[in-house]
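A.B. asks: Here you go, one structure.
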Amino acid sequence: MAETTEPGGPTGPEEPTLDEQIAAYQREFRDLDPQVEKVVSALGRLNRRMNVAYGRQVAALGISNAEWEVLKTLVLAGKPYRLGPGELAKRLGLTPAAMTHRIDRMAGEGLVTRDRDENNRVRVIVELTDEGRTKWLEAMEMATDFEEDLLQDLTSEERGLLGEMLIRLLRRVEHAQPDAGGRLTDLD
């Protein structure tokens, strides 16, 4: 049987184009600014599709998006790539229970170690293993290829300008929603 892209078919209903979506919104909400909606809707769709692409990349490496987040956070902490579980949870916007579950899973996979702090035996330290760093580097290589392909139609000047404009938007959101950096719910 041939695959179909008709609504309800094996690939599901097709998403309307941005122009179709904006036209529908304007029909229902006359005060809509179509320029604003085009930017916001395009950013939302781009973010969703990029997250799917990144998720597929890390899955091909045998890790989850949730595990990737921990690896990235440990790398961002700098050498020796160590943080306490509480600090990891805070940086990822997770509950301590969700962080413990994630660390347990990752330690079992050899991506991180969890040991007592030599200077404070009550404190636990989570550290990136060589295997974890290798997975992070492999994911970064895949992401770099994807991102270069994504931006291939933009000149260096356009990339710089787009980056600056997006940073301005990000700063506006961060100012208006300073607590929005964490998760509303756990990803596990």
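A.B. asks: May I ask you to give the percent of accessible area on the range 75-150 that is carbon plus sulfur, with a probe radius of 1.4 Å?
C.D. replies: Ligands and nucleic acids excluded, carbon and sulfur give 49 percent.
A.B. asks: Report the residue, chosen from LYS90, LYS135, LYS79, that carries the largest GNM mean-square fluctuation when the chain is represented by alpha-carbon nodes joined by springs under 10 Å.
C.D. replies: In the Gaussian network model the winner is LYS79.
A.B. asks: Which of rounded, prolate or oblate describes the range 62-119 when judged by the alpha-carbon gyration tensor and an a/c cut-off of 1.5?
C.D. replies: Rounded shape, in that the Cα axes give a/c under 1.5.
A.B. asks: Using all alpha carbons of the chain, what is the percent of pairwise distances in each 10 Å bin, ordered from the shortest bin to the longest?
C.D. replies: 8, 24, 30, 23, 12, 3, 0
A.B. asks: Suppose accessible area is computed on protein heavy atoms with a 1.4 Å probe; arrange GLU109, GLU20 from highest to lowest.
C.D. replies: GLU20, GLU109
A.B. asks: Run the count for the chain, please: Lys pairs, Cα-Cα under 22 angstrom, 8 or more apart or on different chains.
C.D. replies: For the chain, qualifying lysine pairs total 4.
A.B. asks: Okay, moving on. Over the chain, with the other protein chains present, what is the accessible area per residue in square angstrom, probe 1.4 angstrom?
C.D. replies: Per residue, the chain has an accessible area of 71 Å².
A.B. asks: Same structure, new question: Just need the Rg to Rh number for the range 106-188, please, alpha carbons only, Kirkwood Rh.
C.D. replies: When Rh is taken as the Kirkwood radius, the ratio is 1.13.
A.B. asks: How large is the helix-only mean residue ellipticity at 222 nm for the chain, computed as the sum of -39500 (n - 2.57) over DSSP H runs with n ≥ 4, divided by its residue count, in deg cm²/dmol to the nearest 500?
C.D. replies: -20000 deg cm²/dmol
A.B. asks: Need one number: the % of Cα-Cα pairs in the range 68-159 sitting beyond the 18 Å mark.
C.D. replies: In whole percent, the share of Cα-Cα pairs in the range 68-159 beyond 18 Å is 51.
A.B. asks: Can you give me the long-range amide H partners of VAL124? Hydrogens built in the peptide plane at 1.01 Å from N, cutoff under 5 Å, separation of 5 or more residues or another chain.
C.D. replies: The answer is ASP117.
The values are calculated or read from the model by the stated rules, or taken from the named source; none is laboratory data. Since the structure is predicted, the reported quantities are computational estimates derived from the model, not experimental observations. What goes into the accessible areas is simple: the full protein's heavy atoms, side chains included, and nothing from ligands, DNA or RNA. Shrake-Rupley method; radii C 1.70, N 1.55, O 1.52, S 1.80 Å.
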